[in-house]
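Take a look at the structure below.
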Amino acid sequence: MQSVFDAIEKALEEIEIDPKLKSLLIENLMFKINQKVNMTTLSIKLQTLYEYEKHYLELIKEYKEEIKFANTIQEDLRKERAKFFAETLDDVSETLKKAQVDDKVASKWLEELVNSYTKSLDLSSGLIEENTLETIGKLKKDTKTSIKESELKEDETD
């Protein structure tokens, strides 16, 4: 870039011109060249981003069923958790009362049931989340790989 500016200055040295005008011309040319370079750089960055997003969308379409499946499993797990606390726990508590189980024993048993069930649901949720994050990671990796490959192909054709 500096060599372009040097060439401009050298060319203007050969022309008799007011130093202030010469300085303004150089500044104006430098500004326009910088602007053009910045626009080109921005254009390249935007094109890369566009390609990345386009490929990411294609991968999402490709993995649509897996994404739906993961979402459905998470939704089912949330519903199961809500049902347990809204219905099942009440049913178990009523059954223990009908069976005339001592209140302290029933309370301890219910506490252990809640802890056990919560741990089980948390474990299931963790496995689902891990699988989901793994799938998302694979999508991102595939996208980055594809973009890099397309950039290499573009560089080879240039």
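Looking across the range 121-153 at every residue that is hydrophobic (A, V, I, L, M, F, W, C) and without any contact (Cβ under 8 Å) to a residue 40 or more places away in the chain, the one that is farthest from Leu46 (Cα to Cα) is identified as Leu123. Can you spot a residue in the range 91-104 that is farther than 30 Å from Glu149 by Cα, touching a helix residue (DSSP H, G or I) at 6+ places or on another chain (Cβ under 8 Å) and basic (Lys, Arg)? Yes: one or more hits.
One residue is enough: does the range 110-118 have a residue meeting the conditions surrounded by fewer than 13 Cβ atoms within 10 Å (Cβ to Cβ), of a type in the set (Val, Ile, Thr), at pLDDT 90 or above and farther than 30 Å from Leu49 by Cα? No: the range 110-118 contains no residue that is surrounded by fewer than 13 Cβ atoms within 10 Å (Cβ to Cβ), of a type in the set (Val, Ile, Thr), at pLDDT 90 or above and farther than 30 Å from Leu49 by Cα.
Of the helices (runs of 4 or more DSSP H) lying entirely inside the range 1-106, those carrying at least 3 residues that are surrounded by 10 or more Cβ atoms within 10 Å (Cβ to Cβ), free of Cβ contacts under 8 Å to residues at least 12 places away in the same chain and not small (Gly, Ala, Ser) are 19-62, 64-83, 89-98. Among the conditions (1) in the same structural domain as Lys148 (by TED's automatic domain parsing); (2) under 15 Å from the mean Cα position of the chain (by Cα), Leu49 misses just one, which is (1).
The values are calculated or read from the model by the stated rules, or taken from the named source; none is laboratory data. All values reported here derive from a predicted model rather than from experimental measurement. Counting neighbours? That spans all protein chains shown, and the Cβs are built from the backbone with ideal geometry, glycine included.
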